[in-house]
Amino acid sequence: MSLVSEFKEFINQGNVMDMAVGVIIGGAFTGIVTALTDDVITPLIQLAAGGAPDVSGLMIPGTNINIGAFISAVINFLIVAIIVFAMVKSLNKLKEATAAITKKEEEEAEAVAPTCPFCLEEVKEGATRCPHCAGVFDEPAEAK
């Protein structure tokens, strides 16, 4: 195999495509989640902290440890992780449903059409006579 064909095979694998979709959607949601964290959740943290003017005011006294920024980053990560998890889970359900439909269609296609016991030609299901040799069946023809 050439390097190009191996690369094409690698890219066309389902896991790589799932990962790419997750990264793209995660990047798209990051702006929304950042706005939610900065404009909604951070003011709530400020309110809970006694009305500090800035979440960066939530620092351990005498150090440069910024607890407020850390809390915002954790909340940001959790929201993006939940969204990506929900998307991957729904994509997996869609794949399972598609696979079930495909399997059902394959099973239906595998059903063997009835054949005439005399001339071995294919006949329609429910037929009582063969259209090819005029043989009479004891019971209506059934697919197997």
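The values are calculated or read from the model by the stated rules, or taken from the named source; none is laboratory data. These numbers were taken from a predicted model, which means no experiment stands behind them. Positions of Cβ are generated from backbone atoms using ideal geometry, with glycine treated the same way; all protein chains shown enter the neighbour counts.
Among the residues of segment 2-33, the one identified as charged (D, E, K, R) and within 26 Å of I83 (Cβ to Cβ) is D18. Pairs meeting the criteria (first residue in segment 125-144 and within 10 Å of P114 (Cα to Cα), second residue at pLDDT 85 or above and small (G, A, S), beta carbons under 7 Å, at least 6 apart or on different chains) are P140/G126; P140/A127; A141/G126; A141/A127.
For every residue, the table says whether it meets (1) surrounded by 12 or more Cβ atoms within 10 Å (Cβ to Cβ); (2) modelled with pLDDT of 75 or more; (3) assigned to a loop (DSSP other than H, G, I, E, B).
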{"site": "V40", "(1), (2), (3)": "no, yes, no"}
{"site": "L44", "(1), (2), (3)": "no, yes, no"}
{"site": "T63", "(1), (2), (3)": "no, no, yes"}
{"site": "G68", "(1), (2), (3)": "yes, no, no"}
{"site": "M87", "(1), (2), (3)": "yes, yes, no"}
{"site": "E96", "(1), (2), (3)": "no, yes, no"}
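Just to be sure, is A52 modelled with pLDDT of 85 or more and either assigned by TED's automatic domain parsing to the domain that holds V23 or among the hydroxyl-bearing types (S, T, Y) (or both)? Against the criterion (modelled with pLDDT of 85 or more and either assigned by TED's automatic domain parsing to the domain that holds V23 or among the hydroxyl-bearing types (S, T, Y) (or both)), A52 does not qualify. Outside any helix (DSSP H, G or I) and at pLDDT below 75 - does that describe any residue in segment 19-35? No: segment 19-35 contains no residue that is outside any helix (DSSP H, G or I) and at pLDDT below 75.
Residue-by-condition table, conditions (1) within 19 Å of V74 (Cβ to Cβ); (2) in contact (Cβ under 8 Å) with a residue 24 or more places away in the chain; (3) acidic (D, E):
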{"site": "E9", "(1), (2), (3)": "no, no, yes"}
{"site": "D18", "(1), (2), (3)": "no, yes, yes"}
{"site": "G22", "(1), (2), (3)": "no, yes, no"}
{"site": "T34", "(1), (2), (3)": "yes, yes, no"}
{"site": "T42", "(1), (2), (3)": "yes, yes, no"}
{"site": "Q46", "(1), (2), (3)": "yes, no, no"}
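For segment 98-140, the set of residues classified as modelled with pLDDT of 85 or more and either assigned to a helix (DSSP H, G or I) or among the basic types (K, R) (or both) consists of T98, A99, A100, I101, T102, K103, K124, R129, listed by residue number.
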